[in-house]
1. Checking Asn81 against (1) more than 23 Å from Gln117 (Cα to Cα); (2) buried (at least 18 other Cβ atoms within 10 Å of the Cβ); (3) of a type in the set (S, T, N, Q), which single condition isn't satisfied?
2. Which of the following residues is touching a strand residue (DSSP E or B) at 6+ places or on another chain (Cβ under 8 Å), aliphatic (A, V, I, L, M), buried (at least 17 other Cβ atoms within 10 Å of the Cβ) and more than 19 Å from Lys103 (Cα to Cα): Val36, Val47, Val53, Val71?
3. Taking only region 88-110 into account, find how many residues are β-branched (Val, Ile, Thr), farther than 24 Å from Ser51 by Cα and either at pLDDT below 95 or assigned to a loop (DSSP other than H, G, I, E, B) (or both).
4. Would you please list the contacts, defined by Cβ atoms under 7 Å and residues six or more apart or on different chains, that run from a residue in region 98-113 that is in contact (Cβ under 8 Å) with a residue 24 or more places away in the chain and more than 12 Å from Val47 (Cβ to Cβ) to a residue that is aromatic (Phe, Trp, Tyr) and not in a loop (DSSP other than H, G, I, E, B)?
5. Looking at region 1-27, which of the residues that are hydroxyl-bearing (Ser, Thr, Tyr) and surrounded by fewer than 18 Cβ atoms within 10 Å (Cβ to Cβ) is farthest from Ile83 (Cα to Cα)?
6. Which condition from (1) aromatic (Phe, Trp, Tyr); (2) touching a strand residue (DSSP E or B) at 6+ places or on another chain (Cβ under 6 Å); (3) more than 14 Å from Leu97 (Cα to Cα) is the one that Tyr5 breaks?
7. Look through region 114-130, keep the residues that are of a type in the set (A, V, I, L, M, F, W, C) and under 21 Å from Leu46 (Cβ atoms), and return whichever of them is surrounded by the fewest Cβ atoms within 10 Å (Cβ to Cβ).
8. Give region 45-74 a look and list any residue that's among the small types (Gly, Ala, Ser), under 17 Å from Ile104 (Cβ atoms) and free of Cβ contacts under 8 Å to residues at least 40 places away in the same chain, or say none.
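The values are calculated or read from the model by the stated rules, or taken from the named source; none is laboratory data. In this text the structure is predicted, and so the values were computed from the model without any measurement. Cβ atoms come from the backbone with ideal geometry, glycine included; neighbour counts cover every protein chain shown.
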Amino acid sequence: FGSPYREQECYKNISITKNAHDGSFCAVNSKFLAVVTETSGGGSFLVVLLSEVGRIDASHPRITGHRGPVVDLKFNPFNENEIASCSDDGTVKIWHLPNDGLKIDTCQWKIDLHGHQRRVDYIEWHPTAE
């Protein structure tokens with residue numbers, strides 16, 4: 001029925017979040033893999049190129065702009081270089097990813113949607129409108 005992936009074709013050494021939420025702790029498109037990581041004092045997530053298989057260095061750059069844990073991630077279906085994240089801090093942020101991936105930690109979002117009174121649990125892009 002299938003065969004397991006070889007170790008060199010997998011992503012290793014990624015410390016995923018232990019927060020129990022109903023959102024997605026990871027997202028993938030044809031270019032990138034994004035994973036909410038375990039951190040203290042705020043939310044962050046890791047974005048790696050799909051071609052970066054193998055052991056991911058613990059110091060790999062992260063996106064760190066939320067004040068609370070990240071609870072959901074979604075890539076823009078019309079732009080592979082945009083990802084949205086939402087958080088316990090009541091914000092939704094849209095981030096631009098360079099074509100060659102992150103080289104340094106970033107907390108510079110493209111758009112910040114704030115004003116929610118409570119945590120934002122889920123995000124979704126409009127399915128047909130860019």
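1. (2)
2. It is Val71.
3. First, the residues of region 88-110 that are β-branched (Val, Ile, Thr): 91-92, 94, 104, 106.
From what's left, farther than 24 Å from Ser51 by Cα: 91-92.
Right, trim to either at pLDDT below 95 or assigned to a loop (DSSP other than H, G, I, E, B) (or both) and you get 91.
Number of matching residues: 1.
4. Filtered contacts from region 98-113: Trp109/Trp95; Lys110/Trp95.
5. First pass over region 1-27, keeping only residues hydroxyl-bearing (Ser, Thr, Tyr): 3, 5, 11, 15, 17, 24.
Next, only the ones that are surrounded by fewer than 18 Cβ atoms within 10 Å (Cβ to Cβ) stay: 3, 5, 11, 15, 24.
Numbers: Ser3: 31, Tyr5: 27, Tyr11: 20, Ser15: 20, Ser24: 13 Å.
Out of the qualifying residues, it is Ser3.
6. Here Tyr5 meets the rest and fails (2).
7. Going through region 114-130, the residues of a type in the set (A, V, I, L, M, F, W, C) turn out to be 120, 123, 125, 129.
From what is left, the residues that are under 21 Å from Leu46 (Cβ atoms) are 120, 123, 125.
Details: Val120: 20, Ile123: 19, Trp125: 16.
Among those that are of a type in the set (A, V, I, L, M, F, W, C) and under 21 Å from Leu46 (Cβ atoms), it is Trp125.
8. Of region 45-74, the ones among the small types (Gly, Ala, Ser) are 51, 54, 58-59, 65, 68.
Remaining after also requiring under 17 Å from Ile104 (Cβ atoms): 58-59, 65.
Result: Ser59, single match.
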